[in-house]
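I have placed the structure first, in the form of structure tokens, so that the comments after it can refer back to it.
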Amino acid sequence: MRDIKNKLTSSKNTKNIQTRKGKSFGYQVLGFGAGGGPAILTATGGTETEDGDFKIHTFTGPGTFSVSAIGPGTPSVPNSIDYLVIAGGGGAGSSEGGGAGGAGGFRETPGTSTGSYTVSPIAGSIAAFNATVTAYPVVVGGGGAGAGGNNQGASGSNSSFNSSVSTGGGGGGRGNTPGAGNPPSYGLPGGSGGGSGGRIGSGCSTASKGVGNTPPVSPSQGNPGGAAKTCTSITSDAGGGGGGATGTALNAGNPKGPGGDGGAGATTSITGSAVGRAGGGGGGGNPAGGNGGNSSDGGGAGASGSVAGIGVANSGGGGGGSGSSSGGNGGSGVVIIRYKFQ
């Protein structure tokens, strides 16, 4: 049998082996992994999933995206990050013909940096960026509260990441007869605007709807709410729908019309699967409430009775208006981050 130990202890062989070990150790110190490949972007935070060579971090509440390592920043080993920021949806107004809540603002990078997925039709209002080794705060806005007791719905809260802010959806206007001390019937402005409330005055007048894309960005982060066009008759109350990420809400029908449908949301495959979010809520009405935007985008359906739909959690959907009672709550927002990790 060959004496391996003696071979290794000879002067000539020992020198060669030590030289090779020294080079191997030097590569590891310079950032090369055990397989000889370069270091690559490494981060933690939120709920982590994978889509092929890409990692996705989904934040359903406030948190921190912590980058602990980056690569050389080459085309094959990038440090670039794409992300989606959706704010909380607005709550709907209460009482007869409550206006629906608008969807939370929807903002997405162009997707050209990390590629390999289909972006929404309104992507590009925020830019992808190259990560550095640091901790990035993540803010996820809550949905606005639906109103009770003849009140206006509350607007949703803003979401943000890397200094990019999406605005909370506007609250819906309250229904019922105007009077001294009553809150206004108009929809509030926001990422997408809230719908106005029904039974607003004589002569089938039209209440103003909430303005979307506030403050303005391009492409737009949302759309206006719908107007309530109604007479003073209690049988004619109907609220406007809430604006959505890609669609303007519908006005309420009149007379004795249904609540207005919510505006359509937007669909992106940033997680690896196509998901619609940020749909507007449907307005409350008689004989029927309006539909939530696209029905699968997170907006709550309006109601003809007291049970109004709520915005889906972490979709930024607007709350649905009620035909006779409390409005639905808006859905909370979400922040989603994507980058190449292998």
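Tabulated values for the structure
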| item | result |
| --- | --- |
| Residues being modelled with pLDDT under 95 and surrounded by fewer than 19 Cβ atoms within 10 Å (Cβ to Cβ) - total across region 52-68 | 2 |
| Every residue from region 35-51 that is on the phi > 0 side of the Ramachandran plot and surrounded by 14 or more Cβ atoms within 10 Å (Cβ to Cβ) | Gly45, Gly46 |
| Options Ser273, Ser332, Ser296, Ser315; residue that is under 21 Å from the mean Cα position of the chain (by Cα), part of a loop (DSSP other than H, G, I, E, B), surrounded by fewer than 24 Cβ atoms within 10 Å (Cβ to Cβ) and modelled with pLDDT of 85 or more | Ser273 |
| Lone unmet requirement of (1) outside any strand (DSSP E or B); (2) over 17 Å from the mean Cα position of the chain (by Cα) for Ser157 | (2) |
| Residue in region 258-281 that is under 16 Å from Gly193 (Cα atoms), free of Cβ contacts under 8 Å to residues at least 60 places away in the same chain and touching a strand residue (DSSP E or B) at 6+ places or on another chain (Cβ under 7 Å) present | no |
| Residues satisfying the stated conditions in region 122-145, i.e. surrounded by fewer than 19 Cβ atoms within 10 Å (Cβ to Cβ) and either within 14 Å of the chain's Cα centre (by Cα) or part of a strand (DSSP E or B) (or both) | Phe129, Asn130, Ala135, Pro137 |
| Those residues of region 261-270 which are assigned to a loop (DSSP other than H, G, I, E, B) and either touching a His at 6+ places or on another chain (Cβ under 6 Å) or more than 16 Å from Gly331 (Cα to Cα) (or both), in sequence order | Asp261, Ser269, Ile270 |
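Listed here are the residues, each with its yes/no results for (1) touching a strand residue (DSSP E or B) at 6+ places or on another chain (Cβ under 7 Å); (2) at pLDDT 95 or above; (3) part of a loop (DSSP other than H, G, I, E, B).
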residue: Gln152; (1), (2), (3): no, no, yes
residue: Thr177; (1), (2), (3): no, no, yes
residue: Ser192; (1), (2), (3): no, yes, yes
residue: Gly195; (1), (2), (3): no, no, yes
residue: Gly198; (1), (2), (3): yes, no, yes
residue: Ser202; (1), (2), (3): no, no, yes
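The values are calculated or read from the model by the stated rules, or taken from the named source; none is laboratory data. Quantities reported herein were computed from a predicted structural model and do not represent experimental measurements. Glycine gets a Cβ as well: all are built from the backbone with ideal geometry, and neighbour counts include every protein chain shown.
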